[in-house]
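Some notes on the structure that comes next.
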Amino acid sequence: MTLTASESPAPPRPVPPPARRGSARRAWQTFSPYAYLAPFFTLFAAFGLFPLIYTAFVSLYRVELQTPGEMEWRGLGNYTALFGDEYFWTSLRNTFTIGVLSTVPQLVMALGLAHLLNYRMRGRTFLRTAVLLPYATSVAAATLVFAQLFGRDFGLVNYALGLVGIDPVDWQNGTVASQIAVSTVVIWRWTGYNALIYLAGMQSIPHELYEAAAMDGASRWRQFFHVTLPGLRPTIVFTVIVSTIGATQLFGEPLLLEGSISGGISHQYQTLGLYMYEQGWGFFHLGRAAAIAWVMLLLIVVIVGANALIARRRSRKEAGR
Amino acid sequence: MTAPTAPAATPAPTGPTDPATTPPAPVRARVPRRGARRAGRTLHAGPLAYAILIVAVLFSAFPFYWTIVAASRSNADLAKVPPALLPGPNLIKNFEAVLEEADIGKALLNSLIVSGSITLGTVLCCTLAGFAFAKLRFRGRGALLAITVGTMMIPPQLGVIPLFMLIAELGWVNQLQAVILPGLVSAFGVFFMRQYLTQALPDELIEAARVDGASTARIFWSIVVPIARPGMAVLGLLTFMAAWNDFFWPVVALTSSEPTVQVALRQLGGGYVHDQSVIMAGTLLGTLPVLLVFGLLGRQIVGGIMQGAVKG
């Protein structure tokens, strides 16, 4: 916050340009860029940057929801309490498994879908729009519908499974089953979106590469693996990072599967996002919740950093070849 | 944070290999078909491809269909063993029930106010800042842009605790401005408009206007805004949908006495309404407005996302 404040000194209000030519005019030319930035950066500093940074500070205090103005120094107490809580570890583990369960199928299916959407065909605009449809729904709406479909006794999913002779699955209380249910909502909402991102990437791969590959006698499969995938690498890295960040802060889906803030009776599908909400707004420990937010941020930094590192190393290896 | 994300995060998946030959079509919001034919592959789809795509479309659409079926039935219908698969006669009755039980009417109005204000404000702020970053020279430009882009990948959800303390301090808890003002901050929007204007707005045009003696403010309103309009429209669409669907912060900042649609849905799913068909009726009402936007402007949304939109 201090940074932005010093970088953009309170700019003059956009007064009508003075009638006098010369120095006043030149001053306006110098300062007017800051006037353009002022609305965004004022809001950004107050509601974007400040909360993110201040989270670290709050995480060192005892702050309760009922009295958010009173802060009592705790040092690293929130963190030690966190690491001593078994539900923290449960939710960390769940965040990881649900993250894998939702991100991997989502991106693989998106890649296949993009490949098909890239064919020349009838109704391609319709197909692209239709595939993106789930993106238009909210987490809340999508989850409520899927919670209904995944109902144990009267859900359509269990009915369909029964038709092929599979016993009803308890999609709420089973650990793996409930995590699959949560992941399904994520997959449903984001597969089409990622497919369009991949499609955009595919369309920018130069046509000559395919012609050259075809001339060398490469089959469609080989073309896909040796032309399309390498050409898409930056896009793939991008979607992996964005989806991982999304998975790290998953909240609405596990909250609304049953409407419980503890993520099921035995916390079997509680994610870090939900755990943070439970601590802050269920148990009123805002300081503790801030510590969780900070842990999530570190997690994201590590994951993004690792991703970028792997991507860079691989492209360097390839360049060296 | 900035250093590792910046190279990978360049959110322009449209032209990672050769941006010179495939510019992200700044003037038209939709995907150019001509470009698609030249770059990329142009194989014809076989029957198998069609079949798989149709399955994918059905998978996308089925939950919507099911929402309509469930919302137009009674709770007893939903508990039958061969379940009802066609819409029933109870739609209006369930709408009435949900309007009464969860105050969806007020929620719809609040969501309209919140999303509308966020959209207008965001588009304006981001166009102003995006123009400055794209075309004006000033001290600290690089640093400010780096801060903006660097925080683009950090989920705002991680700042909710101080944000909550702030609005509690201001006495804004359960008031709509608590959701609107933080919603106006869109680092992505600034970056999006900057990219758009860098491409779409020729420097000569600004120079010419300056020689004619137009002030920077005048240049903005009569030259930048008309040219930026298609980009502003795409940003507006994406912002509106994101604002309408935003979940975490409204759930924290508002209560059921002043809900947005998502807050009302969270309350519906919170277990105190047991009638599944009523819950589905609420879900349907809350989703209809965005579906309407999507139905009318789906192509533009597809185009906007393919130009390199990012989640949220």
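The values are calculated or read from the model by the stated rules, or taken from the named source; none is laboratory data. All values reported here derive from a predicted model rather than from experimental measurement. Positions of Cβ are backbone-derived with ideal geometry, glycine not excepted, and every protein chain shown enters the neighbour counts.
Structure summary
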quantity: B:Ile113, sole failed condition from (1) closer than 30 Å to B:Gly286 by Cα; (2) crowded, with 24+ Cβ neighbours inside 10 Å; calculated: (2)
quantity: Test result for A:Gln223, modelled with pLDDT under 90 and in contact with a helix residue (DSSP H, G or I) (Cβ under 6 Å, 6 or more places away or on another chain); calculated: yes
quantity: Segments classed as helices (runs of 4 or more DSSP H), wholly inside region B:165-254, with at least 1 members that are small (Gly, Ala, Ser) and surrounded by 23 or more Cβ atoms within 10 Å (Cβ to Cβ); calculated: B:177-183, B:187-200, B:225-245, B:248-253
quantity: Count of residues meeting criterion [part of a loop (DSSP other than H, G, I, E, B) and over 20 Å from A:Ala247 (Cβ atoms)] in region A:107-140; calculated: 5
quantity: For A:Asn78: the one exception among (1) free of Cβ contacts under 8 Å to residues at least 60 places away in the same chain; (2) assigned to a helix (DSSP H, G or I); calculated: (1)
quantity: Region B:119-132 residues that are touching a residue at least 60 places away in the same chain (Cβ under 8 Å), paired with ones that are basic (Lys, Arg) (beta carbon under 7 Å, 6 or more apart); calculated: B:Gly130/B:Arg194
quantity: Among the candidates A:Val185, A:Val157, A:Val145, A:Val169, residue that is closer than 21 Å to B:Gln276 by Cβ, of a type in the set (A, V, I, L, M) and within 16 Å of the chain's Cα centre (by Cα); calculated: A:Val185
quantity: Region B:63-80 - residue that is within 30 Å of A:Leu113 (Cα to Cα) and more than 9 Å from every other protein chain (Cβ to nearest Cβ) and, of those, surrounded by the most Cβ atoms within 10 Å (Cβ to Cβ); calculated: B:Val69
quantity: Lone qualifier among A:Tyr198, A:Tyr210 - being in contact with a Lys or Arg (Cβ under 7 Å, 6 or more places away or on another chain), aromatic (Phe, Trp, Tyr) and either modelled with pLDDT under 90 or buried (at least 24 other Cβ atoms within 10 Å of the Cβ) (or both); calculated: A:Tyr210
quantity: Count of residues meeting criterion [within 13 Å of chain A (Cβ to nearest Cβ) and of a type in the set (D, E, K, R)] in region B:213-267; calculated: 3
quantity: Count of residues meeting criterion [among the hydrophobic types (A, V, I, L, M, F, W, C), over 31 Å from the mean Cα position of the chain (by Cα) and more than 7 Å from chain A (Cβ to nearest Cβ)] in region B:43-62; calculated: 1
quantity: Residue match in region A:221-231 (condition: surrounded by fewer than 22 Cβ atoms within 10 Å (Cβ to Cβ), touching a residue at least 60 places away in the same chain (Cβ under 8 Å), more than 8 Å from every other protein chain (Cβ to nearest Cβ) and in contact with a Ser or Thr (Cβ under 7 Å, 6 or more places away or on another chain)); calculated: no
quantity: Checking A:Gly305 against (1) outside any helix (DSSP H, G or I); (2) modelled with pLDDT under 90; (3) closer than 20 Å to B:Met152 by Cβ, the condition it does not meet; calculated: (1)
quantity: Every residue from region A:267-321 that is more than 30 Å from A:Thr175 (Cα to Cα), without any contact (Cβ under 8 Å) to a residue 40 or more places away in the chain, surrounded by 14 or more Cβ atoms within 10 Å (Cβ to Cβ) and small (Gly, Ala, Ser); calculated: A:Gly305
quantity: Conditions (1) hydroxyl-bearing (Ser, Thr, Tyr); (2) surrounded by fewer than 21 Cβ atoms within 10 Å (Cβ to Cβ); (3) closer than 18 Å to B:Asn75 by Cα; (4) in contact (Cβ under 8 Å) with a residue 24 or more places away in the chain; number of the one not met by B:Thr283; calculated: (2)
